[in-house]
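Notes follow the structure.
The values are calculated or read from the model by the stated rules, or taken from the named source; none is laboratory data. Here the structure is a predicted model, which means the values were calculated and not measured. For neighbour counting, all protein chains shown are included, and Cβ atoms are generated from backbone atoms with ideal geometry for every residue, glycine included.
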Amino acid sequence: MQRQMRGLNDLLQVYSQQLNKGVSLQLVSQSIEPEELFDGDPVGQSLVKILRDWALVVCIALAAALLVRFYVLQQYYISGPSMESTLFENDRVLVSKISYQLGGIGRGDVIVFDRITSDGATVAHDDLIKRVVGLPGEKVEIRSCVVFINDVALDEPYLDEEDLTQVELVDKCGQPNMSPKIVPANQIFVMGDNRPDSFDSRSFGSISERLVVGRAFVAIWPFDSWKIL
């Protein structure tokens, strides 16, 4: 033990002498590849390679998922009764964000759009889901709960049969009559399938096509209610 201590003291003396003579010590940092940590250990090197490959796969998958969500496809859940009995509270739908980049908006399409409201101090954004009823340039009118497009009654097989059997017109569609309205260019007229309980273009007017997020084309939840819209 004493011999080891003397050796350490001798080493410190040599180091001190080098510093006194102006010799500087430099710490050289070297990059070490992960495989070098397991140099001579094939199993360790193989494990590092597998982990690296999986990390790359996960990163690519996450990037692809984000791109799909923002530019191609997104899931939305239904909040409120306005689309019953086509869609119910907490149902899940898939919305295509590229449908209308490939083609125009069609009558009968179920769409998600961004409704912007303001009270003068704050601006609120709400994602609403409705059905397209009127297209640009068309005349929309409601007579005794029947929707007319350019004076032709619109066939609406998606409306709830129970609502249609109501005697009182208010119970049947909420707003039995609406004077003719011309849908402006680049706008659409939308309504909920649950006419007695839907806040739609009958109240806030036509909406700009620019506000449309995409087309809801399939209900995916609950599974036993899966269907094409």
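Residue pairs whose Cβ atoms lie under 8 Å apart, separated by 6 or more positions or on different chains, with the first residue in region 194-210 and within 15 Å of Met83 (Cα to Cα) and the second part of a loop (DSSP other than H, G, I, E, B) and hydrophobic (A, V, I, L, M, F, W, C), are Asn194/Met83; Arg195/Cys145; Arg195/Leu159; Ser198/Met83. If you go through region 171-205 and keep only what is under 32 Å from the mean Cα position of the chain (by Cα) and of a type in the set (Lys, Arg), you end up with Arg195, Arg202.
Among the listed residues Val140, Val132, Val110, identify the single one that is at pLDDT 95 or above and touching an Asp or Glu at 6+ places or on another chain (Cβ under 6 Å). I'd like the intermediate steps shown before the answer.
Values: Val140 fails: touching an Asp or Glu at 6+ places or on another chain (Cβ under 6 Å); Val110 fails: touching an Asp or Glu at 6+ places or on another chain (Cβ under 6 Å).
After applying the criteria, what remains is Val132.
Out of the residues in region 198-211 meeting the condition of being out of contact with any Asp or Glu (no Cβ under 8 Å at 6 or more places or on another chain) and more than 20 Å from Glu141 (Cβ to Cβ), tell me which one is surrounded by the most Cβ atoms within 10 Å (Cβ to Cβ).
Residues of region 198-211 out of contact with any Asp or Glu (no Cβ under 8 Å at 6 or more places or on another chain): 198-210.
Okay, now just the ones that are also more than 20 Å from Glu141 (Cβ to Cβ), so 208-210.
Values: Ser208: 13, Glu209: 17, Arg210: 9.
Filtering first and then ranking leaves Glu209.
Residues that are surrounded by 20 or more Cβ atoms within 10 Å (Cβ to Cβ) and either in a loop (DSSP other than H, G, I, E, B) or among the β-branched types (Val, Ile, Thr) (or both) within region 212-228 comprise just one, Val212. Inspect all residues belonging to region 180-190 and state whether any of them is exposed (fewer than 13 other Cβ atoms within 10 Å of the Cβ), assigned by TED's automatic domain parsing to the domain that holds Glu84, in a strand (DSSP E or B) and modelled with pLDDT of 95 or more. There is at least one residue in region 180-190 that is exposed (fewer than 13 other Cβ atoms within 10 Å of the Cβ), assigned by TED's automatic domain parsing to the domain that holds Glu84, in a strand (DSSP E or B) and modelled with pLDDT of 95 or more. Could you check, for region 196-212, whether at least one of its residues is modelled with pLDDT of 95 or more and farther than 28 Å from Asp91 by Cα? The answer is no, given that none of the residues of region 196-212 is modelled with pLDDT of 95 or more and farther than 28 Å from Asp91 by Cα. Here the condition is being under 19 Å from Leu87 (Cβ atoms), of a type in the set (D, E, K, R) and free of Cβ contacts under 8 Å to residues at least 60 places away in the same chain; of Lys227, Lys181, Lys172, it holds for Lys227 alone.
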